[in-house]
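Trainee: A single structure is presented below for examination.
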């Protein structure tokens, strides 16, 4: 079986694609074409979602939605709706407007538009974009007969298909220390850490207080999609270990696997 | 002339967004999208963000692409596998066409005949003959017509063109443009090679790689950049010599995987003396150094352009020579020398370029902005689009003459 690897730069980090095909779809030409298509998809999403790129749709929303309802495409609207549902189900701990006090986003499905009810609101999809990009990459993988794949977005979000992909987890504050080894089988993982060694305080904000979180924790979440894994690793880390375990107990049906470091 | 950031941005009045503000009473414009593959989907998604537009229909003869188009367009859009049925049934006011190059002419003509305003992806046509016929038909129809060369809608290129026209880089002496990347330019095929339908689907999805449907790198990539050269120089090239081939991706493709072109433009200088500007164009599929860029070189400076950023490098030695000293010099007219010390210049190989001025005004997305502009022209029934049929014709002839030169191994003159 042929294996093909390729990486691309997007969302301020590096994405790695490892593919193994089968059923006659394991030649290098095919795997390269699939890997390139995934890379182009990730870059397309970066151009759509980045708040730093002034030509992105997200930048347009952040510029215009305080003064009017901004019409967006159906894909972006669906992603914003998903973020709003995540905000509600996590009791406000996952919030794409965390930096500007949380909430403040009105979505209208009939016109596919978004408007800020708080003029200070700015959306940042940084906590979900990589996971969403991995899931979109997986749609391409599914379409083109790939049976084994590993996609890695900046080493904090990973999604695997087929083979058991061994993953080592480094300690967030002692990068030389491997604290956990797991085999990723048809699941996605996201790991959010309060801070890394170079930071004196966390850049993760509690949306309910707009203050940086104070713990030194790292929260690893395994879920069925990378988007879901990112939503929960962010929300649970922000809640803190104790609140998070109480919150998880209230979820009636959850396929989440959670580990703390 | 000393260029400050202020004068730099003030030059030549750049319009950033659409020329008009949308008004609530404006009726929506019924648009259909023909071809919902990669590029068609980009255009379709952008269309759905424009307030005045209702996408009434989408068309593609490849079911997975049609399904994708239907998803992006929304439930109000009807789906078709035959664009003629779409035209008959929906009678859209405007169409956006993003089909393989060899179909551009036929689909565009049918849409014009159905009374539609037309946005046609670049390159305008597969042959110069078709492009000339289409030009005549567009002009006779009085329909709004725009070709998808989106650098014409990009704030950076508009600013750069205004700077060149204002003489800020002096006399343009040479242009170097390239689109280099490192991948096979091949779309994946959803069925294995052993499947009897593989070859058919390969030729359909990878139409860019086969000569019966595509004019290769020049049409798909070079058309954008040679249009920049034509636009900035205000004319078309006089002749071209080009060389290309399949040197690396020997995978059954028929179009070159690399090409190098030397174009000559005949211009007149400020004194009316004729001179030639040479434009070097290259496209590669196996080295991405410096990506997709244009370098416009003038006697006073160089503009280095990409879709996201524009840089102006001033030529050294074209301003007043300033030695060390300045206000500490005993006499303002004296050049200051330092005993026993030679002025040391940096040995950084890029030091000669100096610190550039940045064109950093790229709010807006050129694919969306070209469509905003098109829709605005449709609404006002203004045929003077930002990239009209004559621009499309000149661009088409410019890029096809390079392919012809490769095939003949000789200089090719501009065809008209």
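Bear in mind that the values in this text are calculations on the coordinates, not laboratory data. For clarity, every value in this text was computed on a predicted model and none was experimentally measured. Methodologically, a virtual Cβ is constructed for each residue, glycine included, from the backbone with ideal geometry; neighbour enumeration extends over all protein chains shown.
Trainee: Using the Kirkwood radius built from alpha carbon pairs, what does the Stokes-Einstein equation give as D for segment B:274-314 at 37 °C and 0.692 mPa s, in µm² per second?
Mentor: 274
Trainee: Relative contact order, percent, of chain A when contacts are C-alpha pairs under 8 Å separated by at least 6 residues?
Mentor: 17
Trainee: In a GNM of chain B with a 10 Å cut-off on Cα contacts, which of B:262, B:303, B:101 has the highest mean-square fluctuation?
Mentor: Comparing B:262, B:303, B:101 in a Gaussian network model of chain B, the most mobile one is B:262.
Trainee: Calculated from DSSP H runs of 4 or more alone, at -39500 (n - 2.57) each and per residue, what is the 222 nm mean residue ellipticity of chain A, nearest 500?
Mentor: Rounded to the nearest 500, it is -10500 deg cm²/dmol.
Trainee: Compute the Cα gyration tensor for segment A:151-261, then decide on rounded, prolate or oblate, letting a ≥ b ≥ c be the square roots of its eigenvalues: rounded whenever a/c is under 1.5, prolate when a/b is larger than b/c in the other cases, and oblate in all that remain.
Mentor: Here segment A:151-261 falls in the oblate category.
Trainee: Which of B:175, B:246, B:191 moves the most in a Gaussian network model of chain B with Cα springs under 10 Å?
Mentor: Fluctuation is largest for B:191.
Trainee: Right, here's the next one. If each DSSP helix of 4+ residues adds -39,500 (n - 2.57) and the sum is divided by the residues in chain B, what number results at 222 nm, nearest 500 deg cm²/dmol?
Mentor: Value at 222 nm, helices only: -9000 deg cm²/dmol.
Trainee: Remind me, what semi-axes does chain B give for its equivalent ellipsoid, largest first in whole Å, using sqrt of 5 times each Cα gyration tensor eigenvalue?
Mentor: Each semi-axis is √(5λ); the values are 43, 26, 20 Å.
Trainee: Take the alpha-carbon centre of segment A:208-261, take the same for segment B:117-149, and report the distance between them in whole Å.
Mentor: For segment A:208-261 versus segment B:117-149, the Cα centre distance is 56 Å.
Trainee: Next up: Please work out whether chain A counts as rounded, prolate or oblate from its C-alpha gyration tensor, where a ≥ b ≥ c are the square roots of the eigenvalues and a/c under 1.5 means rounded, while otherwise a/b larger than b/c means prolate and anything else oblate?
Mentor: Here chain A falls in the oblate category.
Trainee: Using only Cα atoms, locate the centre of segment A:4-65 and the centre of segment A:91-122, then give the distance between them in Å, rounded to an integer.
Mentor: Going from one Cα centre to the other spans 26 Å.
Trainee: Related question: Quick one: A:230, A:28, fewest Cβ neighbours within 10 Å first, how do they rank?
Mentor: A:28, A:230
Trainee: Return a whole-number percent for the relative contact order of chain B, with Cα pairs under 8 Å and 6 or more residues apart as the contact set.
Mentor: 20
Trainee: Right, something else. Looking at chain B, what % of its DSSP beta bridges pair antiparallel, to the nearest 5?
Mentor: Antiparallel: roughly 60 percent of the beta bridges in chain B.
Trainee: Can you give the FRET efficiency for residue A:27 and residue B:269, using 1/(1 + (r/R0)^6), R0 = 60 Å, r = Cβ-Cβ distance, to the nearest 0.05?
Mentor: 0.60
Trainee: Same structure again: When only alpha-carbon atoms are used, what values of Rg and Dmax, in angstrom, describe segment A:52-116?
Mentor: 11.5, 32
Trainee: Considering chain B as a Gaussian network with a 10 Å cut-off on Cα pairs, which listed residue, B:32, B:136, B:70, attains the greatest mean-square fluctuation?
Mentor: Result: B:136 has the largest fluctuation of those listed.
Trainee: I'd like the mean, over residues of B:182-195, of how many other protein chain beta carbons sit within 10 Å of each residue's own Cβ.
Mentor: Mean inter-chain Cβ contacts per residue within 10 Å come to 6.
Trainee: Oh, and also: Across 10 Å bins from 0, what is the distribution of all Cα-Cα pair distances for the protein assembly as shown, in whole percents?
Mentor: 3, 13, 22, 24, 20, 12, 5, 1, 0
Trainee: Hey, another quick one. Pull up the DSSP beta bridges for the protein assembly as shown and report the antiparallel fraction as a percent, rounded to 5.
Mentor: Close to 75 percent.
Trainee: Something else: What ranking of A:260, B:231 emerges when the number of other C-beta atoms within 10 Å of each C-beta is taken as an exposure proxy, fewest first?
Mentor: By the 10 Å Cβ count, ascending, the order reads A:260, B:231.
Trainee: Treat the count of other C-beta atoms within 10 Å as a stand-in for reagent exposure and order B:203, A:159 from fewest to most.
Mentor: In increasing order of surrounding Cβ atoms, one gets B:203, A:159.
Trainee: Going by a ≥ b ≥ c, the root eigenvalues of the Cα gyration tensor, does segment B:37-166 fall in the rounded group (a/c under 1.5), the prolate group (a/b larger than b/c) or the oblate group?
Mentor: Oblate, since a/c reaches 1.5 and b/c is not below a/b.
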